[in-house]
Amino acid sequence: MVSVEYVDHELSTNLDSTNAFEGPEKLLEIWFWKSEFDLPSGAAIDGMRSVPMSTWVDILDLVSCKILSMKSCKFMDAYLLSESSLFVFPHKIILKTCGTTTTLACLDKLFQATKMLLGISSKQIYRVFYSRRSFMFPEKQVHVHRDWKSEVALLNEHFVSGKSYVVGDFASDDHWYLYVGGNANPSGCQTSGLHPNGSHPNGSHPNGSLSDQTFEILMTELDPKCASTFIYLRQPGGEKDLGHELGFETMVETELDTIFQSPTVNTHLPSPSISEDEHESVVPKRSHVYEFIHDSFAFTPCGFSSNSICTNIGGGYYYTLHITPESGWSYASFETNYPFNETVDVITVLTKVLKTFHPKKFSMTLISEVGDDERQSTSQALLHCDLSELNYKRAEKAIYDLNEYSLLYMNFNTEK
């Protein structure tokens, strides 16, 4: 069943983003267990999805952001925030926040909750990723986020085996930071922890699990005409909650709702229901169409955020977009874990996104598990992509071996 679990209409009506300027996000991804099939037998049946919304509200208060709305499907929960997004899966969470949010300030509260509810501490988690682009206004940041070394020091207090990287030209204003930590064989992870029928609570079987990858496009200096699409006339508090309606209209107008060639369906709030007996598959086949529902919001006076989650194929696939259109510090980001294939390849998606925003500069990152042929083909496609028709020239390329993962980072500028 797909449903809208929550919408804060009062916040959505009165939220004012006039002073929101720092587009680049802080991205925290914590894998408590290796997969949704590895939850220990003593854990709640839905793992991290069993954490109550009231607890997420308390955790996000420490980050300085609020929940605007939430959409759920059989595989995951997606929270649209006043500053970006939170995705919750049975075995992991992804927290992405922009502005002057204090993402790492929530770690103590988060692990108090997971220890009490699920019996797992920060030292036991399977893996953690924390990353961000260089800030446009670093002096405006608070807590440990003023300095990368301070962020790493705090992360090392919580997680084991941490390693940090600075990727790209450090002397420029466009480089990227990454922290990776966690246990290869955490004590909290038990592969025998499947439920009695040998399957995951949603009915899928572990033989269908897929390897992991995350693809990001981080864009700056957006084309003014493209950016103007995300500037709105509505005043905060002046009308009913139109933020979600305008957000969805913007998504359709820019065709951001069809990045992965989903069927055209009315996915605006409230969500259409999908019956429990409707066919769902864990292992994607080339003939399958990935059907996404969307939760999008148009901020006042400008800005846009959206979460899109796949409802018909298991694996917890999503994509998320966040746009800060103000001239002088315009920024847009796109992130997905979609399993690119011959039907929808990574270059097609990259090209669609770039044509929507026409940034003067952009970076892209691909973090993927090693040893998977399809993931390697995605990496190779990016390595050899020619974007000259869009007037882009590659300025930097870096490849890192992260043990079980590989990182590809590339930076592009418009040709003069």
Residue satisfying all of: in the stretch 335-364; closer than 17 Å to SER388 by Cβ and in contact with a helix residue (DSSP H, G or I) (Cβ under 8 Å, 6 or more places away or on another chain); surrounded by the most Cβ atoms within 10 Å (Cβ to Cβ) among these:
PHE362
Being hydrophobic (A, V, I, L, M, F, W, C), at pLDDT 85 or above, within 30 Å of MET410 (Cβ to Cβ) and surrounded by fewer than 23 Cβ atoms within 10 Å (Cβ to Cβ) narrows ILE323, ILE259 down to just ILE259
Filter the stretch 57-90 down to the residues that are in contact with a strand residue (DSSP E or B) (Cβ under 7 Å, 6 or more places away or on another chain), outside any strand (DSSP E or B) and surrounded by 18 or more Cβ atoms within 10 Å (Cβ to Cβ), then identify the one that is modelled with the lowest pLDDT.
GLU83
Can you confirm whether the stretch 347-369 contains a residue that is more than 25 Å from ASP257 (Cα to Cα), of a type in the set (A, V, I, L, M, F, W, C) and either at pLDDT 95 or above or not in a helix (DSSP H, G or I) (or both)?
no
Take the stretch 226-247 and flag every residue that is touching a His at 6+ places or on another chain (Cβ under 8 Å) and either within 17 Å of PHE340 (Cα to Cα) or modelled with pLDDT of 95 or more (or both).
CYS226
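Okay, residues lined up against (1) under 22 Å from THR55 (Cα atoms); (2) out of contact with any Phe, Trp or Tyr (no Cβ under 9 Å at 6 or more places or on another chain); (3) at pLDDT below 95; (4) of a type in the set (A, V, I, L, M):
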{"residue": "ALA105", "(1), (2), (3), (4)": "yes, yes, no, yes"}
{"residue": "LYS109", "(1), (2), (3), (4)": "yes, yes, no, no"}
{"residue": "GLN112", "(1), (2), (3), (4)": "yes, yes, no, no"}
{"residue": "LYS123", "(1), (2), (3), (4)": "yes, no, no, no"}
{"residue": "MET136", "(1), (2), (3), (4)": "no, no, yes, yes"}
{"residue": "GLN141", "(1), (2), (3), (4)": "no, no, yes, no"}
When the stretch 82-131 is checked residue by residue, the ones that are of a type in the set (A, V, I, L, M) and closer than 19 Å to LEU366 by Cα are ILE93, ILE94, LEU95, VAL128
Name the residues in the stretch 91-122 that are among the charged types (D, E, K, R) and either without any contact (Cβ under 8 Å) to a residue 40 or more places away in the chain or surrounded by 21 or more Cβ atoms within 10 Å (Cβ to Cβ) (or both), would you?
LYS92, LYS96, ASP108, LYS115
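The values are calculated or read from the model by the stated rules, or taken from the named source; none is laboratory data. Just so it is clear, the structure is predicted and the values come from calculations on it, not from any experiment. Glycine gets a Cβ as well: all are built from the backbone with ideal geometry, and neighbour counts include every protein chain shown.
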